[in-house]
Amino acid sequence: MNIGFIGLGRMGSAMAANLVKAGHHVTVFNRSPEKRRKLVELGAHEAARIAEACRGEVVITMLADDAAVSNVTLGDGGIAASLPRNAIHISMSTISVGLAKELARAHSGAGQRFISAPVFGRPEAAAAAKLFIVPAGEPRAIEACLPLFNALGQKTVPIGSEPSTANLVKLSGNFLLASVIEALGEAIALVSKAGVDGRAYVELLTSTIFPAPAYGTYGGLIAAKRFEPAAFTAALGLKDIRLALAAAESLGVPMPLGTLLHRRFLRLLAQGGENLDWSALGGLAGRDAGDSQPTS
């Protein structure tokens, strides 16, 4: 397929590379030109402007937050103004439910199609094409994009015809992951204070009652106090909890644990943890318990 790819951070660069390797004609754009070069060397085509990445059948965005997605899509010379009629914009970013609805309206008004398809998986999963992809939108549009999703992930789970549904599901998933991180941090702090080795404790948990990958990944990071380099920053974690709470308020759903996580992330950032991996949230309990050992 002839596609554009906008947003070449750690996730986006890995995803765009996999699309090139799968044989798709990929045109890449990023506001920092140096991030385009490796992909061009791999076989991608370079776009100097957003509009140049919007000339094919599909354009994919993988950007950090609502402001970036809104600017690239709805700004002057953006995707909505540049994409051909009936072409598809796939937003794979974690954005608010409200923005997803706004994007769907804008694309519909321009005669274009819009799919929200956020992903679960860290950069290493993106590089290995092992992401879990949750698309929502017009079923025929999702079906047309399956070759792209198959090149990016290990499983695609369509979740509905309203694009914003996928964003709500993604935010709920990140809320659950943050809850796991906080719970692991408290449990590891508890047993460590009594002299139990944190790494051995995590190995016990993940080989018995909690074999899910999230427990192994985040438990390992917390036990080792390894929060740099960040695969997903604490600042982005705070952003996602805020978006989940906003969605909950609009739907009239109490989320007391979400409120707690919001406070914990604020504390982490106030102590200089903005650019640490969001698993550093799990390190707060140890610090509260008097563990002064530095992070690695």
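Here the range 155-187 is the region considered, the condition is being in contact with a Phe, Trp or Tyr (Cβ under 7 Å, 6 or more places away or on another chain) and not aliphatic (A, V, I, L, M), and the residue that is surrounded by the fewest Cβ atoms within 10 Å (Cβ to Cβ) is 155. Residues that are under 15 Å from the mean Cα position of the chain (by Cα) and touching a residue at least 40 places away in the same chain (Cβ under 8 Å) within the range 170-216 comprise 170, 171, 172, 173, 174, 175, 177, 178, listed in sequence order.
Taken as a whole, the structure places residue 228 among residues that are part of a loop (DSSP other than H, G, I, E, B), acidic (Asp, Glu) and surrounded by fewer than 18 Cβ atoms within 10 Å (Cβ to Cβ).
Filter the range 219-271 down to the residues that are over 16 Å from the mean Cα position of the chain (by Cα) and of a type in the set (D, E, K, R) and list them by number.
225, 226, 228, 249, 263, 264, 267, listed by residue number.
Considering each residue of the range 40-57, count those that are without any contact (Cβ under 8 Å) to a residue 24 or more places away in the chain, under 18 Å from residue 15 (Cα atoms) and aliphatic (A, V, I, L, M), and give that number. Qualifying residue count, the range 40-57: 1. Of all residues in the range 16-27, those being within 13 Å of residue 147 (Cα to Cα), out of contact with any strand residue (DSSP E or B) (no Cβ under 7 Å at 6 or more places or on another chain) and in a helix (DSSP H, G or I) number 2. With the structure loaded, tell me whether residue 91 is in the same structural domain as residue 60 (by TED's automatic domain parsing), under 20 Å from residue 9 (Cβ atoms) and out of contact with any Asp or Glu (no Cβ under 9 Å at 6 or more places or on another chain) or whether it fails that test. So residue 91 passes the test.
Contact map, the range 1-21: residues that are within 21 Å of residue 71 (Cα to Cα) paired with residues that are assigned to a helix (DSSP H, G or I) and at pLDDT below 95, Cβ distance under 7 Å, separation 6+ or inter-chain. Pairs shown: 8/35; 8/36; 13/35. Just to verify a result, which residue in the range 87-113, among those that are of a type outside the set (Gly, Ala, Ser) and farther than 18 Å from residue 67 by Cα, is farthest from the chain's Cα centre (by Cα)? Checking each candidate, the answer is 112. In the condition set (1) surrounded by fewer than 20 Cβ atoms within 10 Å (Cβ to Cβ); (2) farther than 21 Å from residue 172 by Cβ; (3) of a type in the set (A, V, I, L, M, F, W, C), residue 245 is compliant with all but (2). Against the test of being under 27 Å from residue 215 (Cβ atoms), of a type outside the set (Gly, Ala, Ser), crowded, with 19+ Cβ neighbours inside 10 Å and touching a residue at least 24 places away in the same chain (Cβ under 8 Å), the options 152, 148, 99 yield a single qualifying residue, 152.
Quick one: in the range 27-51, of everything that is under 21 Å from the mean Cα position of the chain (by Cα) and at pLDDT 95 or above, which residue is surrounded by the fewest Cβ atoms within 10 Å (Cβ to Cβ)?
39
The values are calculated or read from the model by the stated rules, or taken from the named source; none is laboratory data. Owing to the predicted nature of the structure, the values given are computational and were not obtained by experimental measurement. All Cβ positions, glycine included, derive from the backbone under ideal geometry; neighbour counts span all protein chains shown.
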